[in-house]
Amino acid sequence: MFNKLSFTALALSSSLLLSACQTTNPYTNESQNAKATNGAIIGAIAGAAIGVASSSKNDRGKGALIGAASGAAVGGGIGYYMDVQEAELRKQLQSTGVSVTRSGDSIILNMPNDITFGIDQSNLSQRAKQVLGSVALVADEYDETRLNILGYTDSTGSEAYNLRLSQVRASEVANYLMTQNVANQRISSQGLGESRPIASNSNEQGRAQNRRVEIILTPLNPS
């Protein structure tokens, strides 16, 4: 039988989880519900109820809070894990020029070439190293995530040259992340040259957008 304290703890734990599952988009400054909010809240409520039922009368409030935390992780699953990781990446990369995009259980970091490499260059800029240091901090905390690094160029020059350049750039990013203690088995890199443009190559503005490195974070063990 729940007493007043049990219901209070249950309500408090659910409220805390709802707040935790909300993030602020740094580009719009709007609050948004995380994608696994419903699962996490349902898990929290169920976990809190189980925590109350399995605790002694004097420990039911504490049991509700512990059960809620465990239930949130189970209820949210991989989606919840990626939600909190996305929120941390947005926080770390705010105002860096790197965009953070969510696609299902994947998080895509788009690093424009003016952040990473000079035109026709393959040496990481100091600015790029600072950004990658922030990415590595989050990657170290969320170690159940794979980092897939893709390099792209514009269409200036030969296709073969662009492919090689993109491969070298992707490898440079991967190698730097490894120097920041991200395990090499979690990292893959690939150069895709001038394929998959995101803008027109007929003008400089479009070509600048196409010169980029993407880091795609995905779960190591997808459900």
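Here are the numbers for this structure:
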read-out	value
Inter-residue pairs, beta-carbon under 9 Å, first farther than 17 Å from Y152 by Cβ and in the stretch 94-123, second open to solvent by 50 Å² or more (accessible area, probe 1.4 Å) and in a strand (DSSP E or B), 6+ apart	I107/T101
Selection count where residues are under 21 Å from A199 (Cα atoms) and either more than 20 Å from the chain's Cα centre (by Cα) or at pLDDT below 95 (or both), scope the stretch 142-163	12
Residue under evaluation T153, criteria (1) open to solvent by 30 Å² or more (accessible area, probe 1.4 Å); (2) in contact with a Leu (Cβ under 8 Å, 6 or more places away or on another chain), criterion not met	(1)
S134 vs. criteria under 14 Å from the mean Cα position of the chain (by Cα), open to solvent by 10 Å² or more (accessible area, probe 1.4 Å) and hydroxyl-bearing (S, T, Y)	yes
Extreme residue, farthest from P219 (Cα to Cα), among residues of the stretch 172-186 that are open to solvent by less than 40 Å² (accessible area, probe 1.4 Å) and part of a helix (DSSP H, G or I)	V173
Positions within the stretch 101-118 being buried (at least 21 other Cβ atoms within 10 Å of the Cβ) and within 11 Å of the chain's Cα centre (by Cα), in sequence order	I107, L109
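Residue-by-condition table, conditions (1) exposed (fewer than 15 other Cβ atoms within 10 Å of the Cβ); (2) of a type in the set (A, V, I, L, M):
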position	(1), (2)
L163	no, yes
A170	no, yes
S188	yes, no
R196	yes, no
Q209	no, no
R212	no, no
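The values are calculated or read from the model by the stated rules, or taken from the named source; none is laboratory data. In this text, all values refer to a predicted model and were calculated from it rather than measured experimentally. Note that we place each Cβ from the backbone using ideal geometry, even for glycine, and neighbour counts take in every protein chain shown. Heavy atoms of the whole protein, side chains included, go into the accessibility calculation; ligands, DNA and RNA do not. Shrake-Rupley method; radii C 1.70, N 1.55, O 1.52, S 1.80 Å.
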